[in-house]
Amino acid sequence: MEEIRIGVYVCWCGTNIAKMVDVEAVAKAMREIPGVIVAKDYKYMCSDPGQELIIQDIKEHNLNRVVVSACSPRIHELTFRKALENAGLNPYMFEMANIREHDSWVHTDRAEATQKAKALVAGAINRVRWHESLDKRSVEINPATLIIGGGIAGISAALEIADAGKQVYLVEKQSQLGGTVAKLDLLFPHLDSAQQLIQPKINRAMNHLSIQCFLNAEIREVFGYIGNFEAKVYQKDDLETEIQFGNVIVATGLKPFDPSKIDQLNYKRLPNVITSLELEEKLLSGNLVMDNGKDPKHIALIHCIGSRNKNHHEYCSRTCCNTALKYSNQIRSAFPDAAIYEIYSDIRSFGKGCEELYTHTARQDVMFLMYDQKGEVPKITEARHSEKVNMMLEFREQLSGEHVEVPADLVVLMVAMEAHENAKEIAHAVGVSMCGNSFYIEKHPKLDPVATTTGGVYVVGSCQSPKDIPDSVSQARAAAARIMADINFGSVEVEVTTAVVNEDICCGCQTCISVCPYTAIHFDAEKNVSVVNEILCKGCGTCGSACPTGAIRSRHFTDKQILSQIEGLMSMQLQH
Amino acid sequence: MEFEPTIVAFLCNWCSYTGADLAGTSRMKYASNIRVIRVMCSGRVEPTFVLKAFREGADGVLICGCHPGDCHYHEGNYKCLRRYHLLQNYIEQMGMDKRRLHLDWISASEGKQFAELVDKMTQTIKELGPCQVKHSVETLT
């Protein structure tokens with residue numbers, strides 16, 4: 001067996017790690033561990049000079065294993081694997097110890113944090129001893145793309161890819177394309193027509209030679225992996241279509257918050273309390289009247305319904321302030337004499353042209369009243385018969401500090417955006433994760449905002465977080481560009497950390513087959529052993545834990561590797 | 001000196017490890033007694049891993065996976081849950097308090113919950129005192 005020669009690198013991450021962890025002491029302690037040839041600390045291991053340091057050491061000291069203790073492997077594992085490759089080592093001969101997110105950033109005692117860092121790095125050193133070279137596998141990319149959701153985001157991505165001459169399958173749950181935008185009248189900040197924006201796109205998508213649209217359709221399960229997915233599209237009358245594709249874009253959009261959850265708004269009980277989307281319907285039909293057919297004289301718009309409040313959604317829905325400002329302008333031009341109230345908590349009119357919209361609206365004789373949306377929303381009640389209006393809103397006005405009553409004929413609730421009701425099923429079907437609030441999680445919030453942790457699956461538009469049209473379209477086109485790059489290249493490298501059966505030990509009990517969620521293992525009756533299909537296996541390792549004889553190994557997460565890591569961790573334990 | 005336990009934690013890559021990363025990115029503070037091992041899925045946590053940790057001197061073992069229904073691999077966390085109950089019985093029969101082994105669900109967005117969980121578990125183990133498994137094994141052999 002070859003001699004194990006390990007290089008250990010402890011990153012300062014500027015002061016991020018070095019402030020709380022004595023990086024020098026960690027490196028020094030690691031030098032005592034058998035097999036460690038060099039152990040160094042350096043300011044930024046991920047920087048070019050940092051990586052160069054590793055590469056030089058590998059060459060100079062004939063290292064065959066490397067441990068970097070720095071940030072989370074979720075951030076830089078691939079960076080360092082690449083460095084190993086550049087130095088001629090197999091990229092899997094590498095292990096990372098997370099001493100930033102799991103140590104320096106979460107602890108306050110330097111001695112304890114240093115002790116913990118030593119343990120984590122010692123664990124990584126012990127683990128890397130047992131690492132094996134693994135070959136990368138390259139798979140061809142099927143140039144077709146599945147897009148789930150035919151709103152503005154889905155359509156934009158579809159057209160981008162189809163215009164490049166590649167096949168798109170566009171699956172929409174409703175009977176027509178267009179999503180939320182197709183339900184809108186005018187758009188902020190310039191009050192241009194939503195229909196003029198979306199209808200030509202819908203027509204183009206419906207008639208595009210490279211786009212196959214499935215309406216009233218859904219996807220229940222997606223099989224395969226990046227480059228080679230397959231699924232069935234289910235439509236009415238038990239119509240099923242099998243499709244194959246290399247990438248998936250999820251663009252399932254949003255659902256409006258249901259304000260009947262907030263009792264004192266009396267939504268559904270008072271006929272002239274409506275949601276923003278219900279107002280859009282009225283505006284779109286050109287019939288902005290009360291339930292009795294008369295023109296409203298007092299109109300109140302209440303912001304932040306369901307947003308920015310612990311009881312509902314803590315997040316800001318990002319579009320409602322600007323939408324409410326848009327309404328004030330639309331209402332003002334329809335009823336020059338009407339009283340308009342914007343009952344807000346903070347006006348967040350960010351975005352190009354939007355602060356200008358706010359300034360403009362403020363000059364339209366609109367009254368802005370501030371309420372505390374973290375406290376109580378305005379209470380809406382039916383007005384007494386003697387009043388000339390049909391409703392009264394009561395709340396504490398924040399700027400004056402006074403309890404006020406606002407008369408209203410029509411109340412518009414600026415409701416929050418929520419993830420689509422099918423978000424969870426779709427997440428399961430395509431293998432993406434969700435935040436606590438049901439929006440999908442992107443691979444990296446800043447550096448990889450449209451990809452997900454599942455290769456070949458992208459999330460765009462409001463299914464990822466509340467978004468306006470420009471942001472949704474930008475994301476859609478970004479995902480399309482990512483996919484086009486892969487299609488253009490023709491192939492992609494995939495992880496090879498699958499399970500593998502040692503046929504000499506396998507007793508043929510088939511326990512692994514019963515626990516595999518991907519039916520990736522089959523039984524070879526002739527040899528009386530289980531066989532893993534490495535294409536279908538996603539490397540979860542469940543079979544490895546269930547195997548009674550230890551015949552199945554999870555590559556890169558083998559028993560030996562993890563048991564050694566435990567030994568390493570515990571070799572530096574706190575003294576009782 | 002107050003007893004400072006060592007807790008070995010197995011976190012699944014997709015939900016819990018990411019949640020623990022989020023606790024870091026958000027600069028939440030929690031007890032430093034925990035030593036994390038990353039596995040792809042909580043379903044990968046073999047009983048031997050848990051027993052090995054106790055054998056090597058861990059005072060507690062924590063396993064975290066995706067919430068029920070949210071497993072990246074569909075159902076690995078359910079497999080883990082079944083093993084967990086069996087393992088708790090097992091360590092109890094070995095004379096250990098079964099609270100030394102704890103399974104919980106931490107999603108990728110639950111950094112705060114992770115920090116609270118670590119503090120709570122550390123407190124529990126502190127109350128239970130040092131685990132004697134390593135000592136007993138060494139005495140026997």
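When only Cα pairs below 8 angstrom with a gap of at least 6 residues are kept, region A:6-134 shows a relative contact order of 31 percent.
Straight-distance candidates among the aspartates and glutamates for linking to A:K166, with alpha-carbon spacing under 14 Å and chain neighbours fewer than 8 residues away dropped: A:D486. Given in Å, the Rg to one decimal and the Dmax to the nearest whole number for the Cα atoms of region A:467-576 are 20.7, 60.
Please go through the residue pairs A:K183/A:K352; A:K201/A:K268; A:K136/A:K443; A:K43/A:K352 and name each one whose alpha carbons sit more than 28 Å apart in this structure. Result: A:K201/A:K268; A:K43/A:K352 exceed 28 Å. Normalised by residue number, the volume inside the convex hull of the Cα atoms of region B:7-138 is 85 Å³ per residue.
What the pair-distance distribution of region A:6-134 shows, using all Cα-Cα distances binned every 10 Å from zero, is 15, 51, 30, 4 percent. Entry note: region A:342-389 has Rg to Rh equal to 1.11, where both radii use alpha-carbon atoms and Rh is the Kirkwood radius.
When only alpha carbons are used to place a centre, region B:87-101 and region B:1-33 end up 22 Å from one another.
Loop-resident trypsin sites (Lys or Arg not before Pro) (DSSP state other than H, G, I, E or B) in region A:402-459 with no more than 13 further Cβ atoms inside 10 Å of their Cβ: A:K446. Shape descriptor for chain A: Rg over Rh equals 1.07 (Cα atoms; Rh from the Kirkwood inverse mean 1/r). Need the C-alpha centroid separation for region A:48-122 versus region A:275-302, integer Å. That distance is 61 Å. Treating each Cα of region A:258-416 as an identical point scatterer and ignoring solvent, apply the Debye formula and state log10 I(q)/I(0) at q = 0.18 Å⁻¹. The Debye formula, applied to the Cα set alone, gives -1.14.
Listed values for region A:29-46 are Karplus-derived 3J(HN,Hα) couplings in whole Hz (6.51 cos²θ - 1.76 cosθ + 1.60, θ = phi - 60°), namely 5, 5, 4, 6, 7, x, x, 7, 8, 10, 9, 10, 10, 8, 4, 9, 5, 6, and x replaces Gly and Pro.
Would you check chain B for Lys pairs whose C-alpha atoms are within less than 28 Å, ignoring same-chain pairs closer than 8 in sequence, and give me the count? The result is 21. Taken one residue at a time, the phi angles of region A:124-140 give Karplus couplings (6.51, -1.76, 1.60, θ = phi - 60°) of 5, 4, 5, 5, 5, 3, 9, 5, 10, 5, 10, 8, 6, 10, 9, 10, 6 Hz. Gly and Pro are set to x. Rg then Dmax, both in Å and based on the Cα atoms of region A:145-296: 18.8, 59.
Mean projected area of the Cα convex hull of region A:349-466, taken over all directions, amounts to 11.2 nm².
Every number here is computed from the coordinates shown, using simple stated rules; none is lab data. Fair warning: this is a prediction, and the values are worked out from it, not measured in the lab. All Cβ positions, glycine included, derive from the backbone under ideal geometry; neighbour counts span all protein chains shown.
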